Amino acid sequence: MTVTGADVVELDRIAVHEALRVVGLAENADWDRATPCAGWDLRRLVAHMTAQHLGFAAAARGAGREAAHWREPRDMGEPARVHEAAAATVLAAFAEPGVTEREFALPELGGSFPGRQAVRFHFVDYVVHAWDVAATLGTVLDLSADVLGAALATARRVPDDPAVRGPGNAFAPALDVPDGSGPLDETLRLLGREPDRWPVRA
């Protein structure tokens, strides 16, 4: 399907709200759990998610080159609350008229990108990070087939290039995708996740 600027903003909003939902499921004992992001516990993952929201919000408003906007918060004593505030900030920034026609400076991705493409990056990142949180907690995502299909279409466009893959980069190296994989599993594997290692807990 053709995804317009308005569509990608709405897709992103859905992904961000799903990430908010699953982060909200975490209890005090969960914040030290290991996550699919190697070396990060859940608190650190949510700190990263928070920083990305604030960085993308700044990029939408022309300040993406300023490193301060991309730093993880020092105070993560209440991770869900801090993350929720950052999510509100990026959703407000992306809801501004003409946002997909702007240029976004995204230092972690090596340059500037058209707004529609930048919002797509944020969208697929939050589908995957929502899954990261859900996997950590042993639960599942609640996203429609249309949303997952759009995430897969974006994941298929991410270059499998060592310059943008692996430690210190935005994406992990792609993994093989077994025949018959659904759109979420394929998206996860294309972006370096191993869904089979994170079973749903009853």
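Please list ASP12, ASP160 from largest to smallest accessible area, probe radius 1.4 Å, with all protein chains kept in place.
I get ASP160, ASP12, largest accessible area first.
Counting heavy atoms of the protein chains only and a 1.4 Å probe, report the per residue accessible area for the chain as a whole number of Å².
49 Å²
In nm, give the distance between the simple-model label positions of ALA63 and ALA80, each being 7 Å from the Cα along the Cα-to-Cβ direction.
2.9 nm
Excluding ALA47 itself, calculate the net charge of residues whose Cβ lies under 12 Å from the Cβ of ALA47, where each Lys or Arg counts +1 and each Asp or Glu counts -1.
Result for the neighbourhood of ALA47: 0.
Please work out the C-alpha center-to-center distance from the range 99-149 to the range 17-84 and express it in whole Å.
Using only Cα atoms, the two centres lie 13 Å from each other.
Fully extended, how many nm does the chain gain between VAL140 and ASP160 (0.36 nm per residue separation, minus their Cα-Cα distance)?
Additional length available on full extension: 4.5 nm.
Using the Karplus equation 6.51 cos²θ - 1.76 cosθ + 1.60 (θ = phi - 60°), what ³J(HN,Hα) coupling, rounded to whole Hz, does each residue of the range 51-66 give in order, writing x for Gly and Pro?
4, 5, 4, 5, x, 5, 4, 5, 4, 4, 10, x, 10, x, 6, 7
Could you point to the label whose value was computed as Cα Rg over 2.2 N^0.38 Å for the structure here, given (1) 1.12; (2) 0.96; (3) 1.26?
Step by step, Cα Rg over 2.2 N^0.38 Å for this structure corresponds to label (2).
Between LEU25, LEU106, LEU188, which gets the highest mean-square fluctuation from a Gaussian network model of the chain, Cα cutoff 10 Å?
LEU25
Using the Cβ atoms and a cut-off under 15 Å, what net charge is assigned to the surroundings of VAL119, where Lys and Arg are +1 and Asp and Glu are -1?
Result for the neighbourhood of VAL119: -1.
Looking at the chain as a GNM with Cα springs under 10 Å, which of ARG74, ARG13, ARG44 has the largest mean-square fluctuation?
Among ARG74, ARG13, ARG44, the largest GNM mean-square fluctuation belongs to ARG74.
Say we join alpha carbon atoms closer than 10 Å with springs in a Gaussian network model of the chain; which of VAL16, VAL177, VAL90 then has the biggest fluctuation?
Sorting by GNM fluctuation, first place goes to VAL177.
For every other residue with a beta carbon closer than 15 angstrom to the beta carbon of MET76, add +1 if it is Lys or Arg and -1 if Asp or Glu, then tell me the sum.
Charge balance near MET76 sits at -1.
On full extension of the chain, what length is gained from TRP40 through ASP196, given 0.36 nm per residue of separation minus the C-alpha to C-alpha distance?
54.3 nm
Would you work out what percent of the accessible area of the chain, with all protein chains in place, is carbon or sulfur (probe 1.4 Å)?
51 percent
The values are calculated or read from the model by the stated rules, or taken from the named source; none is laboratory data. What you are looking at is a predicted structure, and each value in this text was computed from that prediction instead of being measured. Glycine gets a Cβ as well: all are built from the backbone with ideal geometry, and neighbour counts include every protein chain shown. Just so you know, the surface numbers come from the protein's heavy atoms only, side chains and all, with ligands and any DNA or RNA stripped out. Shrake-Rupley method; radii C 1.70, N 1.55, O 1.52, S 1.80 Å.
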